[in-house]
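Here is the structure we will look at.
The values are calculated or read from the model by the stated rules, or taken from the named source; none is laboratory data. Quantities reported herein were computed from a predicted structural model and do not represent experimental measurements. Methodologically, a virtual Cβ is constructed for each residue, glycine included, from the backbone with ideal geometry; neighbour enumeration extends over all protein chains shown. Areas reflect the complete protein model, heavy atoms only, side chains present, ligands, DNA and RNA absent. Shrake-Rupley method; radii C 1.70, N 1.55, O 1.52, S 1.80 Å.
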Amino acid sequence: MEIIKKINDCKLIINRLREKGYKIGFVPTMGFLHEGHINLIRMAKKDCDKVFISIFVNPTQFGPDEDFKKYPRDIKRDSALAEKEGVDYIFYPTVQEMYGSDHKTMVEVKELGKIMCGQHRPGHFEGVTTIVLKLFNIIDAHKAYFGQKDYQQMIIIKKMAADLNLDIEIVSGPTIRERDGLAISSRNRYLSAEERRNAAILYECLNLAEDMVKNGEKELGKIKKIILGKLEDNRFVKSVDYFEFRDPRTLEEIKRADKKYKGILAAAAVWFGKTRLIDNKIIKV
Ligand code: AMP
């Protein structure tokens, strides 16, 4: 396994691999690898001849009061894990290498980037789409892998790839969870022991919403009210950014669980103390 820090070195390697006819898979990450990332890497290994991952904590997707500085970083641990999984190359650039000192261009996927997480994290998705497009231009892969845990991000990336005619297939992988259902995230380590125990309520709420729909409740507003009540009753929940029902393809809001929807995305962002966790589930109607 090779760790590449420079954009030009990366491009040279990609050109060489492409000339040889290799199929290239790419898993972009912010590092501090966990089972969620590993599962995407394994998917890429199955599909492709050569697997790249990137490890880059991208400053432009963090708000000024967010956790950019304290986001966990451990390249030694990550490279050992990646090597064990058979990753071929880690692209590990500095912020200076990626943005220089005069970066001015940002990529925006209109509307989709302004709802749900975008409403509460202004500029977040512009940061995400900008870095992902830059990475796609550097690591010219055939397939890129994204987790459904960040469902809105995955939809936005797919839209960007379609709208900008990118020659890359966006593949999505399932959300990987802890035993109690909590979606695995690098941010889970910020939680205190008590917050961690209580954080499983997020997945419980998604399951509860699913049960209510399956038991015939059509009015999603009613379900939302019950769920918000349950969340607000938990003393480790500091606040709820949103709990919403959306069309899994377009992210349009859904108010009634009509049969015309094959699935309904239930998605939430909840603060446990100083930690913001997100999760989602597609409810089959
Ligand atoms: P991150 O390092 O958090 O930016 O995540 C990198 C990629 O891993 C993104 O495509 C995420 O959606 C995906 N990912 C993170 N956590 C999980 C998880 N628990 N299950 C599946 N995919 C995940």
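Worth a mention:
- Computed over the chain, relative contact order equals 17 percent, with contacts defined as Cα pairs under 8 Å that lie 6+ residues apart.
- Using the 1.4 Å probe convention, the accessible area of segment 1-89 works out to 52 Å² per residue with neighbouring protein chains retained.
- Crossing angle, helix 201-214 versus the chain [Cα axis fit, 0-90 degrees, rounded to tens]: 60
- Averaged per residue, segment 186-284 has 52 square angstrom of accessible surface, using a 1.4 angstrom probe with ligands and nucleic acids left out.
- Cβ-based net charge around PHE26, under 10 Å, with every Lys or Arg adding one and every Asp or Glu removing one: +1
- Mean Cβ count within 10 Å, highest first, over the residues of peptides 62-71, 228-237: 228-237, 62-71
- 0 to 90° range, to nearest 10: angle between helix 35-47 axis and the chain longest Cα axis: 50
- The overall shape of segment 1-57, judged from the alpha-carbon gyration tensor, is oblate: a/c is not under 1.5, and a/b is no greater than b/c.
- Listed by chain and number, the aspartates and glutamates whose C-alpha is less than 18 Å from the C-alpha of LYS46, apart from same-chain residues fewer than 8 away, are GLU35, GLU83, GLU85, ASP88, GLU169.
- Amide H contacts of ILE283: ILE264, LEU265, ALA266, each under 5 Å away and 5 or more positions distant or on a separate chain (H built 1.01 Å from N in the peptide plane; Pro and chain starts excluded).
- Under 17 Å from the Cα of LYS76 - lysines, other chains or at least 8 residues apart: LYS5, LYS84
- Relative contact order of segment 1-54, taken over Cα pairs closer than 8 Å and 6 or more residues apart, is 39 percent.
- The lysines whose alpha-carbon is closer than 18 Å to the alpha-carbon of LYS230, local same-chain residues fewer than 8 away aside, are LYS222, LYS238, LYS281.
- Angle between the chain longest axis and helix 124-138 axis [Cα atoms, degrees, rounded to 10]: 30
- Percent carbon-and-sulfur accessible area, segment 2-173, ignoring ligands, DNA and RNA, probe 1.4 Å: 48
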